[in-house]
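The values are calculated or read from the model by the stated rules, or taken from the named source; none is laboratory data. This is a predicted model, so every value here is computed, not measured. Neighbour counts run over all protein chains shown; Cβ positions are idealised from the backbone, glycine included.
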Amino acid sequence: MDEALFTYCYLDNAEKCARQAIEFQPSSHHPYTLMGAICFDRYDRYEGEKWFEKAIQRGASRESIDVEIKKSVARMKDKDKRDKMIRDLLKQDSRRYSWANKYLSKNSHKKLG
């Protein structure tokens, strides 16, 4: 199976499971954290941040959210989309996301933060 198709199917199934978990346990932060990570894996930072904020409202720590963001960035295969997301994160908070500089591709413009 093609990697893009595999990733799409995997994320689609993960989203279905997360949405079911939200129905069954709406006060738990775990499915909201999962939805945030899924969105980041789909290169949708803005939607991911909305889900992560819902997770924080339900008890997730900012540190645990940052760990999920780091894992998503590390998994990203599309260098252009990854670089754009990293630049956006660094513009948002260069101190918080300083770790992301190491994931910028070599041909990307100068490192930020």
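For Tyr32, indicate whether it is under 15 Å from Glu15 (Cα atoms) and surrounded by fewer than 17 Cβ atoms within 10 Å (Cβ to Cβ).
no
Does Gly48 meet the test of being in contact with an Asp or Glu (Cβ under 7 Å, 6 or more places away or on another chain), over 14 Å from Arg75 (Cα atoms) and modelled with pLDDT of 95 or more?
No.
Determine whether the stretch 43-53 contains at least one residue that is part of a helix (DSSP H, G or I), surrounded by 12 or more Cβ atoms within 10 Å (Cβ to Cβ) and touching a residue at least 40 places away in the same chain (Cβ under 8 Å). Don't jump to the end; show me each part of the working.
Residues of the stretch 43-53 that are part of a helix (DSSP H, G or I), as a first pass: 45-53.
Among the residues that remain, those that are also surrounded by 12 or more Cβ atoms within 10 Å (Cβ to Cβ) are: 45, 47-53.
Now narrow it down to the ones that are touching a residue at least 40 places away in the same chain (Cβ under 8 Å): 45.
Yes.
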